[in-house]
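This report refers to the structure that appears directly beneath it.
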Amino acid sequence: MKRRDFFKQIGSAALVAAAVTPTMSFAAAPISVNVMSYNDALAAITGGKTAKASSAVSLKVPEIAENGAVVPVTVTVDSPMTDADYVKSIHIIAGKNSNARCIDAHLTPANGKAMFATRVKLGGTQKITAVVALSNGEFLMASQSVKVTIGGCG
């Protein structure tokens, strides 16, 4: 086999592989997205337990968000963050989004402070809820309404 013939065959094989690969990937099963309502998200987080409103949970969101695509959310929990008593996780739920469960942040005593800040997308004016899981199995929550002038979820 000559060098030129070898490279022609390699090039042909590469073209066939490039042409076949995209069509095969389209034949794959569609990716399923776990879309949850507010009640489903709350039940999934708490395992069916009741989450009680608490002043130990501080939820900071703007009263009016000009752009629903980037709404700042800060959750702070008054917790000693010791090995015996700490915040295990902070969850943010937006009730009127197509998928209510926005974010889950898992913490350990090594974090030192029970605080989490992020930005979420909101499809419109709605209530934001922060659900906090404690190491003793209790669930605390805080809610606040946000008026969105331009929706972020399309």
Relative contact order of the range 38-148, pairs being alpha-carbon contacts under 8 Å that are 6 or more residues apart, as %:
34 percent
Contour minus end-to-end for Ala84 and Ala44, with contour as 0.36 nm per residue of separation and end-to-end as the Cα-Cα distance?
11.9 nm
Ala69 long-range amide H proximity, modeled H, under 5 Å
Leu122, Gly152
Amide H to amide H, which residues 5 or more places from Val148 or on other chains are under 5 Å from it, using H placed in the peptide plane?
Ala65, Thr125, Gln126
I need the calculated FRET efficiency for the pair Thr149 and Ser55, taking r as the beta carbon distance and R₀ as 25 Å, to the nearest 0.05.
0.25
So what are the ³J(HN,Hα) numbers for the range 45-53, from phi and the Karplus equation (6.51, -1.76, 1.60; θ = phi - 60°), rounded to whole Hz, Gly and Pro as x?
6, 8, x, x, 6, 8, 9, 9, 5
Mind giving me the nanometre distance, one decimal, between the label points for Asn111 and Ile64, set 7 Å out from Cα along Cα→Cβ?
3.3 nm
What aspartates and glutamates does Lys147 reach when the alpha-carbon gap must be under 18 Å and sequence neighbours fewer than 8 apart in one chain are set aside?
Glu63, Glu66
Candidate lysines for bridging to Lys113, where Cα separation is under 28 Å - those fewer than 8 sequence places away on the same chain excluded:
Lys49, Lys52, Lys60, Lys88, Lys121, Lys127
Under 14 Å from the 7 Å Cα→Cβ point of Ser37, by amide nitrogen: which residues of the range 79-121?
95-101
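Here, each number is a calculation from the coordinates, and none is a lab measurement. These numbers come from a predicted model, not from an experiment. Every residue, glycine as well, gets a Cβ built from its backbone with ideal geometry; the counts of neighbours run over all protein chains shown.
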